[in-house]
Amino acid sequence: DKNDNINNNNQDKNDNINNNNNSKTTKSVFALVSETLKFCSIIDQVIELTPTAKKDFLNVSKYLIYIVLYDFLFGKKQISGGGILKKKILNNKTQLLSSVVRLKIKAKARTDLELLPLHLRNTIKLPKYIRVNSIKIDIDTVFTSLQQSFPEAQYDELFPNFLITLPNDSDLHENKLILNGSIVIQDKASCIPAVVLNPSQNSFVIDTCAAPGNKTSHLAAIMNNTGRIFAFEKDSKRVIILRKTIQRTGVTINFICS
């Protein structure tokens, strides 16, 4: 029994490590792809100005070329890994870097960022959306509380009866309203399904792919915690998250189907 417990604990730790690593990898890949897309047109110009590289790249995936060249020319300024593409780029290293310099001179750009069109230079930061859980608290009380720490807090223009916006970098992880389920950090788009459905009190609702439970708890709030919500989730690990969300937000009308 002790060995089983040790094995289970070790497995849980390994799962947590793997999940954290997967999360970090996903974020890194997303950031790399996002930045690469911004520079695609610039990379095309660099290749056109470098005939030897253009010839060498003929039989290579253009998407792979975009990503690796972005990292080499504008990102980390180096090439991770190996392979034939790395060799082709290094063979044309001097010419490629020279082409970038020529583009900067032509555009009167002092930095790589200034090569981009104006609308791509500054990343647009969406606000952080806070859904007020009416099962536990009213929006005006939340708004007054949040304004003490975040003077920039505003009622959302589209959903002022349950959604508050804060600056994107607002840190709420230790906020008591988050911890006790009075508010939920939830994208505006994620709020729309429940609003469109708009179930009346005592309705019976089916929520498929229910984890992590934000839409489930939103539906329950709209229904004033009456009726019944059948929350379906096939992933056993995500069911645990779903149960925690339901419990934290005070939903009592759910029936979890896993």
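The values are calculated or read from the model by the stated rules, or taken from the named source; none is laboratory data. Since the structure is predicted, the reported quantities are computational estimates derived from the model, not experimental observations. Here the Cβ positions follow ideal geometry from the backbone for every residue, glycine too, while neighbour counts run over all protein chains shown. Side chains included, ligands, DNA and RNA excluded: accessible areas come from the protein's heavy atoms. Shrake-Rupley method; radii C 1.70, N 1.55, O 1.52, S 1.80 Å.
Some points to look at:
- Solvent exposure of the stretch 135-186 amounts to 58 Å² per residue of accessible area, where only protein heavy atoms count and the probe is 1.4 Å.
- Magnitude of the charge dipole, the stretch 186-258, Cβ model with Lys/Arg +1 and Asp/Glu -1, debye to 20: 200
- Taking the C-alpha atoms only, the angle from helix 2-48 to the longest principal axis of the chain is near 50 degrees.
- Two-site FRET efficiency, residue 180 against residue 86, from Cβ-Cβ distance with R₀ of 45 Å, rounded to 0.05: 0.30
- Accessible surface, 1.4 Å probe, highest first, among residues 245, 226: 226, 245
- Ligands, DNA and RNA aside, residue 68 has an accessible area near 30 Å² when probed at 1.4 Å.
- Whole-Hz Karplus values for the stretch 241-258 come out as 5, 4, 4, 5, 5, 4, 5, 5, 8, x, 6, 10, 10, 8, 10, 7, 10, 10 Hz, taken residue by residue from phi with 6.51 cos²θ - 1.76 cosθ + 1.60 and θ = phi - 60°; glycine and proline positions read x.
- Modelled label positions at residue 120 and residue 61, each set 7 Å beyond Cα in the direction of Cβ, lie 2.1 nm from each other.
- Neighbourhood net charge (11 Å Cβ-Cβ; Lys/Arg +1, Asp/Glu -1) for residue 211: +3
- Degrees between helix 139-149 axis and first principal axis of the chain (Cα, 0 to 90, nearest 10): 50
- Relative to the longest principal axis of the Cα atoms of the chain, the long axis of helix 188-197 lies at roughly 40 degrees.
- Per residue, the chain reaches -17000 deg cm²/dmol at 222 nm when only DSSP H runs of four or more residues are counted, each adding -39500 (n - 2.57).
- 15 Å cut-off, amide nitrogen to a point 7 angstrom out along residue 107 Cα→Cβ, residues in the stretch 119-144: 119-123
- Accessible surface ranking that places the most exposed of 140, 56 first, with a 1.4 angstrom probe: 140, 56
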